[in-house]
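Q: First the structure, which I've put down as structure tokens, then a few questions once you've had a look.
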Amino acid sequence: MYVLGTEKPQVRFYEGVGGLKKIYDDILAEGKDFQFVRSVYDPIYTKELEPKVTRPFVKKRVAKGIKAYSITTDQPKALHDAEKDRAMNHFRQWVPKEYYDAPVEINIYGDKIAFLSFGKDLTGVIVENKNIAEAMRKVFVMARRGAKEFYEASKENMKNN
């Protein structure tokens, strides 16, 4: 952790499934609605993290009434079930997978931003700083609006081809 003053960000680094679970637990402990960006599901995410960490996280999040607003990349196995999403307090904006294919999830919650990398190794970083978190929230709102336009345009292009 790096702390030199009230305006300086705190940074925490995590590794492995257990480390990323700590990040999701931190989101739950914050107890507030949050925003996230998620790319396509990589094999390491599907095999290692989803069954052990994210499924239980979603159940706990729903039980606590925490809303999730996301930009999610579309893919063939994606379930487009808006009713189920609403029941799970998940408000999703789809985007074509070619617009965001980095194996990184970005979570914005409270005064924190978490970056979770699903590369060869599972790693994560939490940056805690009110100003940085607020800036990322505003960038998320702009990106979500743009994602909606991209997605609607791609669906229109598919109809016309």
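Q: Here is a list of conditions, (1) over 16 Å from the mean Cα position of the chain (by Cα); (2) over 27 Å from Gly31 (Cβ atoms); (3) open to solvent by 70 Å² or more (accessible area, probe 1.4 Å), and Lys64 meets all of them except one; can you say which number that is?
A: For Lys64, the exception is condition (2).
Q: Pull out all pairs, ordered by first then second residue, where Cβ-Cβ is under 6 Å, the residues are six or more apart or on different chains, the first lies in the range 102-124 and is in contact (Cβ under 8 Å) with a residue 12 or more places away in the chain, and the second is basic (Lys, Arg).
A: Glu105/Arg38; Ile108/Arg137; Gly110/Lys32; Asp111/Lys130
Q: Continuing with this model, one more query. Is the range 120-138 home to any residue that is surrounded by fewer than 17 Cβ atoms within 10 Å (Cβ to Cβ), on the phi < 0 side of the Ramachandran plot and touching a helix residue (DSSP H, G or I) at 6+ places or on another chain (Cβ under 7 Å)? Reasoning before the result, please.
A: First, pick out the residues of the range 120-138 that are surrounded by fewer than 17 Cβ atoms within 10 Å (Cβ to Cβ): 120-121, 125, 130-132, 134-135, 137-138.
Adding the requirement that they be on the phi < 0 side of the Ramachandran plot leaves 120-121, 125, 130-132, 134-135, 137-138.
Cutting the leftovers down to touching a helix residue (DSSP H, G or I) at 6+ places or on another chain (Cβ under 7 Å) gives us none.
So far as the range 120-138 goes, no, none of its residues is surrounded by fewer than 17 Cβ atoms within 10 Å (Cβ to Cβ), on the phi < 0 side of the Ramachandran plot and touching a helix residue (DSSP H, G or I) at 6+ places or on another chain (Cβ under 7 Å).
The values are calculated or read from the model by the stated rules, or taken from the named source; none is laboratory data. What you are looking at is a predicted structure, and each value in this text was computed from that prediction instead of being measured. Ideal geometry is used to build each Cβ from the backbone, glycine not excepted, and the neighbour counts take in all protein chains shown. Calculation scope for accessible area: heavy atoms of the full protein, side chains included, ligands and nucleic acids excluded. Shrake-Rupley method; radii C 1.70, N 1.55, O 1.52, S 1.80 Å.
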